[in-house]
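In what follows, a structure is listed as structure tokens, so that the remarks can point back to it.
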Amino acid sequence: MIRRHLPDDAATRLLAELLAAHQPRGAVVHLQGDLGAGKSTLARAWLRALGVTGTVRSPTYTLVERYPVEGGEALHLDLYRIGDAGELDFLGLDDIDAELWLIEWPERGAAALAPADLEIHLAIDGAGRSVELVPDGQGGNAWLAALLDDPRLSTLPEPKP
Ligand SMILES: Nc1ncnc2c1ncn2[C@@H]1O[C@H](COP(=O)(O)OP(=O)(O)O)[C@@H](O)[C@H]1O
Ligand SMILES: [Mg+2]
């Protein structure tokens, strides 16, 4: 697990760039945290880092937005307004072989979702945010190891005691 303090928006965006730079193919990311914790800020910066230049729409009502990226497509889901997990079936996500899945409110999609390679827990912490990166499985572990080797990570402060 990696824990860091994110003093401002720019720190959230830098974290997104670092995660994008080292992401494994087909990565599944669960973005967790209350409203306002910075999940969408992170997702938008991540998509930008992958070269998405047009509007990054909020998937709040559509549940999913899809973007072409190098090697395939990136999916951004926000399940805050989902009625029940059965609604996910109608989206036909099972057939999609995406390069990246960024999923806000994954707990509302429950068992219908692929298990995460990486869980990102964001929380409001004073004027900034705190983040915990929790890997799951080999892909997630290798990802965080690569992140720890990236000198840019050291520009993000350690969490306050
Ligand atoms: N590290 C940070 N420090 C301070 N404010 C932040 C940080 N990251 C994001 N924000 C701000 O928090 C607000 C809510 O962010 P948002 O990404 O919409 O949250 P969520 O999707 O979790 O509801 C935005 O105004 C955003 O600019
Ligand atoms: Mg959001």
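Bear in mind these aren't lab numbers, they're just calculated from the coordinates by the rules spelled out. Every value quoted in this text rests on a predicted model; they were computed, and no experiment measured them. Cβ: placed from backbone, ideal geometry, glycine included. Neighbour counts: every protein chain shown.
Going from the residue with the fewest nearby Cβ atoms within 10 Å to the one with the most, Lys160, Lys39 rank Lys160, Lys39. Can you give the FRET efficiency for Leu91 and Lys160, using 1/(1 + (r/R0)^6), R0 = 41 Å, r = Cβ-Cβ distance, to the nearest 0.05? That pair, Leu91 with Lys160, gives E of 0.55. For segment 126-136, backbone phi angles converted through the Karplus equation (6.51, -1.76, 1.60; θ = phi - 60°) give residue-by-residue couplings of x, 7, x, 9, 10, 9, 10, 9, 10, x, 9 Hz, Gly and Pro being listed as x. With a Förster radius of 25 Å applied to the beta-carbon distance between Ala146 and Asp84, the computed FRET efficiency rounds to 0.10. Highest GNM mean-square fluctuation among Thr53, Thr12, Thr41, for the chain modelled with Cα contacts below 10 Å: Thr53. GNM on the chain, alpha-carbon springs under 10 angstrom: the most fluctuating residue among Ala98, Ala123, Ala145 is Ala145. Close amide-amide hydrogen proximity is noted between Leu118 and Val28, His30, Asp136, each under 5 Å apart and 5 or more residues distant or on a separate chain (H modeled in the peptide plane; Pro and chain starts excluded). Counting only Cβ charges, +1 for Lys and Arg and -1 for Asp and Glu, the dipole size of segment 1-126 around its Cα centre is about 420 debye. The DSSP beta bridges internal to segment 28-141 are antiparallel in roughly 50% of cases. Positive end of the dipole of the chain (Cβ unit charges, origin at the Cα centre): among Gly71, Leu18, Ile103, the Cα lying farthest that way belongs to Leu18. Remark: relative contact order (segment 2-155) = 33 percent; criterion is Cα-Cα distance under 8 angstrom and separation of 6 or more residues. In the chain, taking the dipole from charged Cβ atoms about the Cα centre, the farthest positive-side position among Ser154, Leu118, Leu31 is held by Ser154.
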